[in-house]
Amino acid sequence: MEIGKLPNDVLEKIVFSNIKKKRDEVIVRAGVGKDNAIIDFNRDLCIISTDPITGTDKDIGKLAINISCNDIAVSGGEPLGVLLTIMAPPNTTVKDIENIMIEAGRAACELNVEIIGGHTEITAAVNRMVLSATVIGKQNRNKIIDPSKVKVGDKIIMTKWAGIEGTSIIVKEMGERWKEKLSIDEYEDALNMDNLLSVLKEGVILGKLGANYMHDITEGGVYGAVWEASKVIEKGVKIWKENIPVKEVTKRICESFDINPYRLISSGSMLAVVPSGNIEEIKENFIKEGIKLSVIGEIIEEGIFVEKMGKKENISEPGSDELYKALSKLS
C-alpha cells in the first residue's frame, strides 16, 4: 500500500464498516473528516488509559481491545469507547487492515464497547504492524477503588492462570514448531487462551464485593504485578508460590524456552486485594460465573516475597518480560 493515511474510500469500506457496536453515550463518533469524538458522561467520572501492542502481530485487533479495556476494569469502571491507532509497514495489504478491524470490531461487540475513532496509516517508520489503543470509560464517583483502605491481613487473590497472554502469543509465533514441543491437546489449549483475555467480569464482581485494589497482570507477570501492588498500597506482600495457578501447557512452553512462568505477561488474569472476611462471598460469585479464583497471598507490614515450603525468596522489581526472551529464540 502507498505510504500515508488510508484513502477515505478504504476507511469507509474496511475500517468504519467493522465498527458495529454503537453506544448511546457517544454523541459524535468515528467518521471521515471528524477529528474527535464527543461523549456524554452525565454525572459519572471519566477514566482513560492507553496501551500499545508490540510483542506480536498475531490477533492484534483482538488483543488491543481486550487489553486496553482491562485497564478500566481494574478501577471497577465500565469501558465505553476505544480510540484505535494502526501504524502499518508499506508491505501491508488492504486485507491485513481489514482482518485487524474485523477482530477489533468483534471484540468490541463482545465487551459492549464502541470504537469511537483513531488513526490508520501506512509508514516506513515501522517494520511490522503496531497498534495503540486508548480506552475511555466511566465510573460511578461513589464506587472508586481506594488502595489506602488495604490493611495488614487482607488477602491477595488472582483470577484464571499465570501466563495467559504470553502462552497464547508464543504458541502462535511458533508456527509448525509447536509439534516438536506440545501435544495436540496442549496446542489447542494454548490457542484457546486468547479467549480468556478480558477481566471485565472480574472487575465488576470485585468492585461490588469490596476489593480495595485491582491490577491487570500484564508485562512482568504475576511477580511483577505483586511488586507493583506493594508499591501502590505501601505495604508488604507475601505470596504462596504453590497457590499460583499455572496451566500445564504454560509450564511446558516455559520449560522449552527456559523462561519463568511467574514473570510471563498474563493479561486476562487479575490480581486483587480484598478483606479476608469477603473471601467466601467472592468465591461463590466467581463459581457462579465459571471463573477460576485462587487465594495466593496476604498483606503484611513490609517486604515483598514469595514463600514455598517454608522458604522465602524476595520478589525483585520487574524487568523485561519473559515473552521477549522466548520470541528472541524463535527469530
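The values are calculated or read from the model by the stated rules, or taken from the named source; none is laboratory data. Everything numeric here is computed off the predicted structure, so don't read it as measured data. Note that we place each Cβ from the backbone using ideal geometry, even for glycine, and neighbour counts take in every protein chain shown. All accessible areas refer to the heavy atoms of the entire protein, side chains included, with ligands and DNA or RNA removed. Shrake-Rupley method; radii C 1.70, N 1.55, O 1.52, S 1.80 Å.
Details
- In units of the compact-protein estimate 2.2 N^0.38 Å, the range 72-181 shows a Cα radius of gyration of 1.44.
- Given a 1.4 Å probe and the protein chains as shown, C46 ends up with an accessible area of around 70 Å².
- For the chain, the relative contact order is 22 percent, taking Cα pairs closer than 8 Å that sit 6 or more residues apart in sequence and dividing their mean separation by the residue count.
- Square roots of 5 times each gyration tensor eigenvalue, C-alpha, the range 1-160, largest first, Å: 31, 19, 12
- Here S328 and K143 are evaluated by their C-beta separation; at R0 = 51 Å the FRET efficiency comes out at 0.75.
- Taken along its three principal axes, the alpha carbon spread of the range 215-331 comes to 48, 35, 27 Å, from the longest extent down to the shortest.
- Here the contact order of the range 16-106, divided by its residue count and restricted to Cα pairs under 8 Å and six or more residues apart, works out to 31 percent.
- Centre-to-centre, using Cα atoms only, the range 279-331 and the range 24-83 are separated by 27 Å.
- Rounded to the nearest 10 Å², the accessible area of H119 at probe 1.4 Å: 60 Å²
- Heavy-atom accessible area ranking, 1.4 Å probe, most first, across L271, L293: L293, L271
- Using C-alpha pairs under 8 Å with a sequence gap of at least 6, the mean separation divided by the residue count of the range 152-253 gives a relative contact order of 45 percent.
- Amide H contacts for I265 (H built 1.01 Å from N in the peptide plane; partners 5 or more residues away or on another chain; cut-off under 5 Å): G166, G220, G221, E322, L323.
- Scanning residues 5 or more positions from I315 or on other chains, those with amide H under 5 Å from its amide H are I304, F305, V306, with H placed 1.01 Å from N in the peptide plane.
- Accessible surface, 1.4 Å probe, highest first, among residues R141, R128: R141, R128
- Heavy-atom accessible area, probed at 1.4 angstrom with all protein chains present, ranks Y213, Y187, Y324 as Y324, Y187, Y213, highest first.
- Potential extension, I300-E281 segment - 0.36 nm per residue separation minus Cα distance: 4.6 nm
- Near the amide H of I296, within less than 5 Å, lie the amide hydrogens of I156, I157, M158, all on another chain or at least 5 residues away, with H placed in the peptide plane.
- In the range 261-320, the GluC sites (Glu not before Pro) that fall in loop regions by DSSP, at most 10 other Cβ within 10 Å: E301, E302
- Per residue of the chain, the DSSP helices (runs of n ≥ 4 H) give a summed -39500 (n - 2.57) that works out to -9500 deg cm²/dmol at 222 nm.
- Where a label projected 7 Å from the Cα of F16 along Cα→Cβ would reach, residues of the range 112-153 with amide N under 19 Å: 114-122
- Measuring with a 1.4 angstrom probe and ignoring ligands and nucleic acids, S331 comes out at about 120 Å² accessible.
- Alpha-carbon spread of the chain, three principal axes, descending order, Å: 63, 55, 34
- Karplus-derived HN-Hα couplings along the range 123-133 (A = 6.51, B = -1.76, C = 1.60, θ = phi - 60°), whole Hz, x at Gly and Pro: 8, 7, 6, 10, 9, 7, 4, 10, 10, 10, 10
- Diffusion coefficient (Stokes-Einstein, Kirkwood radius over C-alpha pairs, 10 °C, 1.306 mPa s) for the range 222-281: 119 µm²/s, rounded to a whole number.
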